[in-house]
Amino acid sequence: MSESASEQGHIIRPYGDTTGDGMVQLSFTLPMANSKVAEGAAAQLANKMGMDPAMVVHAKSMGDNFTFFVVYGRVNHLVDTSIVEVVERDYPLLTPKEANAAIKRSLRRRLVVVGGCIGTDAHTVGIDAILNIKGFAGEKGLEYYRELKVVNLGAQVSVPDLVEAAHAEKADAVLVSQVVTQRDAHLLNTREMSAAFRESYPAAERPLLVIGGPRFDETMAAELGVDRVFSRGTTPGEVASFIVHRLTTAAKDRTAS
Ligand code: B12
(Lines give C-alpha, C1' and ligand atoms only; values in the text may rest on other atoms or scores of the structure.)
Protein backbone atom coordinates (compact mmCIF):
# COMPACT_ATOMS: atom_id res chain seq x y z
CA MET A 1 0.00 0.00 0.00
CA SER A 2 1.36 3.44 -0.86
CA GLU A 3 1.85 5.35 2.39
CA SER A 4 0.30 8.58 1.07
CA ALA A 5 -2.85 6.81 -0.22
CA SER A 6 -3.48 5.08 3.12
CA GLU A 7 -2.71 8.29 4.99
CA GLN A 8 -5.31 10.06 2.88
CA GLY A 9 -7.80 7.45 4.15
CA HIS A 10 -9.19 6.13 0.88
CA ILE A 11 -7.32 2.84 0.93
CA ILE A 12 -9.02 0.48 3.35
CA ARG A 13 -9.24 -3.23 4.13
CA PRO A 14 -11.99 -5.24 5.82
CA TYR A 15 -11.82 -6.24 9.47
CA GLY A 16 -13.44 -8.84 11.70
CA ASP A 17 -11.60 -9.11 15.01
CA THR A 18 -9.04 -6.29 14.97
CA THR A 19 -8.77 -3.23 12.74
CA GLY A 20 -7.17 -3.97 9.37
CA ASP A 21 -6.99 -7.78 9.89
CA GLY A 22 -8.58 -8.42 6.45
CA MET A 23 -11.21 -10.84 7.80
CA VAL A 24 -14.34 -11.44 5.67
CA GLN A 25 -17.28 -13.84 5.71
CA LEU A 26 -18.57 -15.62 2.63
CA SER A 27 -21.60 -17.87 2.11
CA PHE A 28 -22.38 -20.27 -0.74
CA THR A 29 -23.88 -23.67 -1.53
CA LEU A 30 -22.07 -26.67 -3.02
CA PRO A 31 -23.86 -29.53 -4.80
CA MET A 32 -22.54 -32.16 -2.35
CA ALA A 33 -24.00 -33.96 0.66
CA ASN A 34 -22.76 -32.52 3.96
CA SER A 35 -19.53 -34.32 4.94
CA LYS A 36 -15.89 -33.71 5.92
CA VAL A 37 -14.97 -33.82 2.21
CA ALA A 38 -17.65 -31.22 1.45
CA GLU A 39 -16.20 -28.95 4.16
CA GLY A 40 -12.74 -29.43 2.64
CA ALA A 41 -14.17 -28.54 -0.77
CA ALA A 42 -15.70 -25.36 0.67
CA ALA A 43 -12.35 -24.36 2.19
CA GLN A 44 -10.61 -25.10 -1.13
CA LEU A 45 -13.04 -22.82 -3.00
CA ALA A 46 -12.50 -20.04 -0.47
CA ASN A 47 -8.70 -20.48 -0.76
CA LYS A 48 -8.94 -20.20 -4.53
CA MET A 49 -10.94 -17.00 -4.09
CA GLY A 50 -8.05 -15.52 -2.12
CA MET A 51 -9.07 -16.31 1.48
CA ASP A 52 -6.10 -17.59 3.46
CA PRO A 53 -6.61 -18.97 6.05
CA ALA A 54 -10.23 -20.00 5.29
CA MET A 55 -12.27 -21.48 8.16
CA VAL A 56 -15.57 -23.25 7.57
CA VAL A 57 -17.68 -21.88 10.45
CA HIS A 58 -21.08 -23.22 9.36
CA ALA A 59 -22.22 -26.16 7.21
CA LYS A 60 -25.88 -27.10 6.85
CA SER A 61 -27.50 -29.73 4.64
CA MET A 62 -29.93 -28.29 2.09
CA GLY A 63 -31.76 -31.48 1.13
CA ASP A 64 -29.81 -34.66 0.41
CA ASN A 65 -27.22 -33.48 -2.09
CA PHE A 66 -26.52 -29.83 -1.28
CA THR A 67 -24.72 -28.10 1.58
CA PHE A 68 -24.80 -24.45 2.55
CA PHE A 69 -21.54 -23.03 3.96
CA VAL A 70 -20.34 -19.95 5.75
CA VAL A 71 -16.57 -19.48 5.56
CA TYR A 72 -14.63 -16.92 7.61
CA GLY A 73 -11.12 -15.96 6.60
CA ARG A 74 -8.48 -13.39 5.68
CA VAL A 75 -8.05 -11.60 2.37
CA ASN A 76 -5.14 -9.37 1.44
CA HIS A 77 -7.02 -7.17 -0.98
CA LEU A 78 -7.17 -3.43 -0.50
CA VAL A 79 -10.09 -1.23 -1.46
CA ASP A 80 -9.60 2.22 -3.00
CA THR A 81 -12.73 4.20 -2.11
CA SER A 82 -11.66 7.09 -4.38
CA ILE A 83 -12.37 5.07 -7.54
CA VAL A 84 -15.70 3.53 -6.53
CA GLU A 85 -18.48 4.23 -9.06
CA VAL A 86 -22.06 4.58 -7.80
CA VAL A 87 -25.20 6.46 -8.78
CA GLU A 88 -25.65 9.30 -6.30
CA ARG A 89 -29.03 10.94 -5.86
CA ASP A 90 -28.94 13.97 -8.19
CA TYR A 91 -32.37 15.39 -7.35
CA PRO A 92 -33.84 16.94 -4.18
CA LEU A 93 -35.86 14.75 -1.80
CA LEU A 94 -39.37 16.18 -1.64
CA THR A 95 -42.11 15.69 0.93
CA PRO A 96 -45.47 14.55 -0.51
CA LYS A 97 -46.71 18.13 -0.05
CA GLU A 98 -43.77 19.56 -2.01
CA ALA A 99 -44.13 16.91 -4.73
CA ASN A 100 -47.86 17.66 -5.11
CA ALA A 101 -47.18 21.39 -5.31
CA ALA A 102 -44.45 20.93 -7.96
CA ILE A 103 -46.77 18.79 -10.12
CA LYS A 104 -49.64 21.26 -9.81
CA ARG A 105 -47.37 24.20 -10.65
CA SER A 106 -45.70 22.75 -13.71
CA LEU A 107 -48.06 20.13 -15.21
CA ARG A 108 -51.40 21.66 -14.11
CA ARG A 109 -52.85 18.15 -14.09
CA ARG A 110 -52.30 14.90 -12.20
CA LEU A 111 -49.15 12.97 -13.11
CA VAL A 112 -49.98 9.40 -14.20
CA VAL A 113 -47.88 6.46 -13.03
CA VAL A 114 -48.43 2.92 -14.35
CA GLY A 115 -46.62 0.08 -12.57
CA GLY A 116 -46.33 -3.69 -12.33
CA CYS A 117 -44.13 -6.79 -12.41
CA ILE A 118 -43.37 -8.03 -15.92
CA GLY A 119 -42.61 -11.49 -17.32
CA THR A 120 -43.38 -14.43 -15.07
CA ASP A 121 -42.37 -12.49 -11.96
CA ALA A 122 -45.00 -12.65 -9.23
CA HIS A 123 -43.00 -10.83 -6.53
CA THR A 124 -45.28 -7.84 -6.01
CA VAL A 125 -44.19 -6.87 -2.50
CA GLY A 126 -41.47 -4.52 -3.82
CA ILE A 127 -43.61 -2.59 -6.31
CA ASP A 128 -46.45 -2.48 -3.78
CA ALA A 129 -44.03 -1.01 -1.23
CA ILE A 130 -43.47 1.86 -3.65
CA LEU A 131 -47.02 2.28 -4.98
CA ASN A 132 -49.49 1.25 -2.26
CA ILE A 133 -50.74 3.91 0.10
CA LYS A 134 -49.36 2.06 3.11
CA GLY A 135 -45.85 2.51 1.71
CA PHE A 136 -42.54 1.30 3.11
CA ALA A 137 -40.00 2.22 5.80
CA GLY A 138 -42.33 4.73 7.41
CA GLU A 139 -43.05 6.56 4.13
CA LYS A 140 -46.42 6.60 2.38
CA GLY A 141 -46.55 5.07 -1.10
CA LEU A 142 -47.26 6.98 -4.32
CA GLU A 143 -51.03 6.40 -4.01
CA TYR A 144 -50.94 8.80 -1.06
CA TYR A 145 -49.82 11.70 -3.29
CA ARG A 146 -52.90 13.71 -4.27
CA GLU A 147 -51.42 14.84 -7.59
CA LEU A 148 -50.36 11.33 -8.65
CA LYS A 149 -52.72 8.92 -10.37
CA VAL A 150 -51.39 5.41 -9.75
CA VAL A 151 -52.41 2.40 -11.84
CA ASN A 152 -50.93 -0.76 -10.33
CA LEU A 153 -51.22 -3.66 -12.80
CA GLY A 154 -49.89 -6.23 -10.31
CA ALA A 155 -48.01 -9.42 -11.19
CA GLN A 156 -46.96 -11.17 -14.40
CA VAL A 157 -47.87 -8.36 -16.79
CA SER A 158 -46.79 -9.02 -20.39
CA VAL A 159 -44.78 -6.28 -22.10
CA PRO A 160 -47.47 -5.70 -24.80
CA ASP A 161 -50.12 -5.34 -22.06
CA LEU A 162 -47.91 -2.88 -20.18
CA VAL A 163 -47.36 -0.76 -23.29
CA GLU A 164 -51.09 -0.83 -24.04
CA ALA A 165 -51.96 0.22 -20.49
CA ALA A 166 -49.38 3.04 -20.66
CA HIS A 167 -51.05 4.36 -23.83
CA ALA A 168 -54.59 3.94 -22.45
CA GLU A 169 -53.74 5.75 -19.21
CA LYS A 170 -51.55 8.38 -20.93
CA ALA A 171 -48.77 7.40 -18.52
CA ASP A 172 -46.11 9.95 -17.67
CA ALA A 173 -44.01 7.30 -15.93
CA VAL A 174 -43.90 3.51 -16.05
CA LEU A 175 -42.54 1.70 -12.99
CA VAL A 176 -41.50 -1.92 -13.42
CA SER A 177 -40.33 -4.41 -10.81
CA GLN A 178 -38.12 -7.43 -11.42
CA VAL A 179 -37.13 -9.58 -8.47
CA VAL A 180 -36.33 -12.95 -10.03
CA THR A 181 -32.82 -12.90 -11.53
CA GLN A 182 -32.45 -16.54 -12.57
CA ARG A 183 -30.71 -16.75 -15.98
CA ASP A 184 -30.63 -12.92 -15.99
CA ALA A 185 -34.41 -12.81 -16.52
CA HIS A 186 -34.53 -9.34 -14.95
CA LEU A 187 -32.07 -7.94 -17.51
CA LEU A 188 -33.65 -9.66 -20.52
CA ASN A 189 -37.17 -8.59 -19.51
CA THR A 190 -36.06 -5.01 -18.89
CA ARG A 191 -34.37 -4.76 -22.30
CA GLU A 192 -37.49 -6.20 -23.96
CA MET A 193 -39.65 -3.68 -22.11
CA SER A 194 -37.53 -0.63 -22.94
CA ALA A 195 -37.26 -1.67 -26.62
CA ALA A 196 -41.05 -2.06 -26.83
CA PHE A 197 -41.60 1.46 -25.42
CA ARG A 198 -39.07 2.94 -27.84
CA GLU A 199 -40.82 1.22 -30.73
CA SER A 200 -44.29 2.26 -29.65
CA TYR A 201 -43.69 5.95 -28.80
CA PRO A 202 -42.04 8.89 -30.57
CA ALA A 203 -38.91 9.75 -28.53
CA ALA A 204 -40.32 12.99 -27.10
CA GLU A 205 -43.53 11.32 -25.93
CA ARG A 206 -42.16 8.15 -24.35
CA PRO A 207 -43.03 7.86 -20.66
CA LEU A 208 -40.22 7.92 -18.11
CA LEU A 209 -39.08 4.31 -17.63
CA VAL A 210 -38.10 3.30 -14.11
CA ILE A 211 -36.99 -0.21 -13.19
CA GLY A 212 -36.48 -1.58 -9.69
CA GLY A 213 -35.58 -4.73 -7.79
CA PRO A 214 -33.13 -5.97 -5.16
CA ARG A 215 -30.46 -7.28 -7.52
CA PHE A 216 -30.20 -4.50 -10.05
CA ASP A 217 -26.96 -2.59 -10.55
CA GLU A 218 -27.97 1.07 -10.41
CA THR A 219 -25.22 2.04 -12.87
CA MET A 220 -26.88 0.03 -15.68
CA ALA A 221 -29.69 2.44 -16.66
CA ALA A 222 -28.27 3.42 -20.07
CA GLU A 223 -27.33 -0.15 -20.92
CA LEU A 224 -30.87 -1.32 -20.11
CA GLY A 225 -32.53 1.55 -21.97
CA VAL A 226 -34.32 2.97 -18.93
CA ASP A 227 -34.21 6.36 -17.24
CA ARG A 228 -33.38 5.12 -13.76
CA VAL A 229 -32.64 1.94 -11.86
CA PHE A 230 -33.56 1.61 -8.18
CA SER A 231 -32.26 -1.22 -6.03
CA ARG A 232 -32.79 -2.71 -2.57
CA GLY A 233 -34.05 -0.49 0.22
CA THR A 234 -35.59 2.12 -2.12
CA THR A 235 -38.26 4.24 -0.45
CA PRO A 236 -41.41 5.68 -2.09
CA GLY A 237 -40.26 9.24 -1.36
CA GLU A 238 -37.07 8.74 -3.38
CA VAL A 239 -39.06 7.43 -6.34
CA ALA A 240 -41.71 10.17 -6.18
CA SER A 241 -39.00 12.83 -5.92
CA PHE A 242 -37.13 11.41 -8.93
CA ILE A 243 -40.26 11.25 -11.11
CA VAL A 244 -41.42 14.71 -10.12
CA HIS A 245 -37.96 16.18 -10.63
CA ARG A 246 -37.49 14.63 -14.07
CA LEU A 247 -40.99 15.35 -15.35
CA THR A 248 -41.41 18.84 -13.97
CA THR A 249 -37.93 19.81 -15.20
CA ALA A 250 -38.82 18.45 -18.65
CA ALA A 251 -42.07 20.49 -18.59
CA LYS A 252 -40.09 23.61 -17.68
CA ASP A 253 -37.62 22.93 -20.52
CA ARG A 254 -40.51 22.60 -22.99
CA THR A 255 -42.06 25.88 -21.82
CA ALA A 256 -38.70 27.66 -22.10
CA SER A 257 -37.97 26.47 -25.66
C1 B12 B 1 -41.98 -13.16 -0.60
C2 B12 B 1 -41.25 -14.01 -1.62
C3 B12 B 1 -42.02 -14.77 -2.50
C4 B12 B 1 -43.54 -14.73 -2.51
C5 B12 B 1 -43.97 -13.47 -3.32
C6 B12 B 1 -45.30 -12.93 -2.86
C7 B12 B 1 -45.58 -11.60 -3.50
N8 B12 B 1 -46.85 -11.33 -3.68
O9 B12 B 1 -44.69 -10.83 -3.81
C10 B12 B 1 -43.88 -16.08 -3.22
C11 B12 B 1 -44.01 -17.16 -2.15
C12 B12 B 1 -45.11 -16.10 -4.12
C13 B12 B 1 -42.57 -16.34 -3.99
C14 B12 B 1 -42.51 -17.18 -5.08
C15 B12 B 1 -41.31 -17.50 -5.72
N16 B12 B 1 -40.08 -17.11 -5.37
CO17 B12 B 1 -39.72 -15.78 -4.00
N18 B12 B 1 -39.16 -14.72 -2.57
C19 B12 B 1 -39.82 -14.03 -1.67
C20 B12 B 1 -38.81 -13.37 -0.69
C21 B12 B 1 -38.78 -14.25 0.59
C22 B12 B 1 -39.07 -11.93 -0.28
C23 B12 B 1 -39.25 -10.93 -1.42
C24 B12 B 1 -39.86 -9.68 -0.85
O25 B12 B 1 -41.07 -9.57 -0.73
N26 B12 B 1 -39.01 -8.70 -0.41
C27 B12 B 1 -39.47 -7.49 0.25
C28 B12 B 1 -39.56 -6.30 -0.75
C29 B12 B 1 -40.08 -5.06 -0.03
O30 B12 B 1 -38.25 -6.07 -1.18
P31 B12 B 1 -37.84 -5.90 -2.72
O32 B12 B 1 -38.62 -6.80 -3.58
O33 B12 B 1 -36.36 -5.97 -2.79
O34 B12 B 1 -38.32 -4.43 -3.08
C35 B12 B 1 -37.62 -3.27 -2.67
C36 B12 B 1 -36.54 -2.82 -3.67
O37 B12 B 1 -35.93 -3.85 -4.39
C38 B12 B 1 -37.24 -1.83 -4.54
N39 B12 B 1 -38.03 -2.25 -5.68
C40 B12 B 1 -38.54 -3.46 -6.03
N41 B12 B 1 -39.24 -3.36 -7.14
C42 B12 B 1 -39.23 -2.07 -7.53
C43 B12 B 1 -39.79 -1.44 -8.64
C44 B12 B 1 -39.59 -0.06 -8.80
C45 B12 B 1 -40.18 0.64 -9.97
C46 B12 B 1 -38.81 0.67 -7.86
C47 B12 B 1 -38.60 2.10 -8.03
C48 B12 B 1 -38.24 0.01 -6.75
C49 B12 B 1 -38.45 -1.34 -6.60
O50 B12 B 1 -38.11 -1.17 -3.63
C51 B12 B 1 -38.61 -2.12 -2.68
C52 B12 B 1 -38.67 -1.41 -1.35
O53 B12 B 1 -37.38 -1.00 -0.93
C54 B12 B 1 -37.46 -13.48 -1.49
C55 B12 B 1 -36.19 -13.68 -0.65
C56 B12 B 1 -35.78 -12.40 0.01
N57 B12 B 1 -35.55 -12.47 1.29
O58 B12 B 1 -35.67 -11.38 -0.65
C59 B12 B 1 -37.71 -14.72 -2.37
C60 B12 B 1 -37.02 -14.82 -3.74
C61 B12 B 1 -37.08 -13.49 -4.44
N62 B12 B 1 -37.87 -15.81 -4.43
C63 B12 B 1 -37.20 -16.61 -5.17
C64 B12 B 1 -37.76 -17.66 -5.94
C65 B12 B 1 -36.77 -18.57 -6.65
C66 B12 B 1 -39.14 -17.85 -6.04
C67 B12 B 1 -39.84 -18.94 -6.85
C68 B12 B 1 -39.26 -19.21 -8.24
C69 B12 B 1 -39.86 -20.21 -5.99
C70 B12 B 1 -40.43 -21.43 -6.66
N71 B12 B 1 -39.53 -22.34 -7.00
O72 B12 B 1 -41.61 -21.48 -6.88
C73 B12 B 1 -41.28 -18.39 -6.93
C74 B12 B 1 -41.47 -17.55 -8.21
C75 B12 B 1 -42.84 -17.07 -8.37
C76 B12 B 1 -42.91 -16.14 -9.55
N77 B12 B 1 -43.62 -16.57 -10.58
O78 B12 B 1 -42.33 -15.07 -9.53
C79 B12 B 1 -35.71 -16.32 -5.14
C80 B12 B 1 -35.22 -15.62 -6.39
C81 B12 B 1 -33.84 -16.15 -6.77
C82 B12 B 1 -33.30 -15.47 -7.99
N83 B12 B 1 -31.99 -15.45 -8.08
O84 B12 B 1 -33.98 -15.00 -8.82
C85 B12 B 1 -35.59 -15.49 -3.81
C86 B12 B 1 -34.43 -14.48 -3.79
C87 B12 B 1 -35.42 -16.52 -2.66
C88 B12 B 1 -34.14 -17.33 -2.80
N89 B12 B 1 -33.04 -16.92 -2.17
O90 B12 B 1 -34.12 -18.32 -3.43
N91 B12 B 1 -41.56 -15.66 -3.44
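The values are calculated or read from the model by the stated rules, or taken from the named source; none is laboratory data. In this text the structure is predicted, and so the values were computed from the model without any measurement. Using ideal geometry, Cβ is built from the backbone for each residue, glycine included, and neighbour counts are taken over all protein chains shown. Please note that ligands, DNA and RNA were not included when accessible areas were found on the heavy atoms of the full protein model with its side chains. Shrake-Rupley method; radii C 1.70, N 1.55, O 1.52, S 1.80 Å.
Given that compact globular proteins tend to follow 2.2 N^0.38 Å, what is the ratio of the alpha-carbon Rg of the chain to that value?
So the chain has a normalised radius of gyration of 1.27.
Taking the chain, how many lysine pairs are there with alpha carbons less than 26 Å apart, if each pair must be eight or more places apart or span two chains?
20
Just the accessible area per residue of the chain, please: how many Å² with a 1.4 Å probe?
Heavy-atom accessible area per residue stands at 57 Å².
Counting pairs of alpha carbon atoms under 8 Å apart in space and at least six apart in sequence, what relative contact order in percent does the chain give?
Answer for the chain is 17 percent.
Calculate what fraction, in whole %, of the accessible area of the chain sits on carbon and sulfur atoms when a 1.4 Å probe is rolled over the protein chains.
Carbon plus sulfur share of accessible area: 52 percent.
Picking from A59, Q44, V75, whose Cα lies most toward the positive end of the charge dipole for the chain (charges on Cβ: Lys, Arg +1; Asp, Glu -1)?
The residue sitting farthest along the positive end of the dipole is A59.
Stokes-Einstein D for region 3-82 at 37 °C, 0.692 mPa s, Kirkwood Rh over Cα pairs, in µm²/s?
239
Short version: ³J(HN,Hα) in whole Hz for each residue of region 12-22, in order, from phi by Karplus 6.51 cos²θ - 1.76 cosθ + 1.60 (θ = phi - 60°), x for Gly and Pro, what are they?
10, 9, x, 9, x, 9, 10, 3, x, 7, x
Which whole-number percent is the relative contact order of region 181-239 (Cα, under 8 Å, 6+ apart)?
30
Check which residues have an amide H placed less than 5 Å from L208's amide H, if you skip close sequence neighbours.
Residues meeting the amide H criterion: A173, V174.
Give me a comma-separated list of calculated 3J(HN,Hα) values for region 175-186, in order, Karplus coefficients 6.51, -1.76, 1.60 applied at θ = phi - 60°, integers in Hz, x for any Gly or Pro.
Residue by residue, region 175-186 yields 10, 10, 10, 9, 9, 6, 10, 4, 6, 6, 4, 5 Hz.
Shape verdict for region 61-121, please, from the Cα gyration tensor: rounded (a/c under 1.5), prolate (a/b greater than b/c) or oblate.
Cα axes put region 61-121 in the oblate bin.
Please give me, ordered by residue number, the trypsin sites (Lys or Arg not before Pro) of region 1-103 that lie in loop per DSSP and have at most 12 other Cβ atoms within 10 Å.
Counting only loop positions with at most 12 other Cβ atoms within 10 Å, the trypsin sites (Lys or Arg not before Pro) in region 1-103 are R89.
Give me, ordered by chain and number, the residues 5 or more places off K149 or on other chains with an amide H under 5 Å from its own placed amide H.
The answer is L111, V112, V113.
Can you give the % of DSSP beta bridges in the chain that are antiparallel, to the nearest 5?
50
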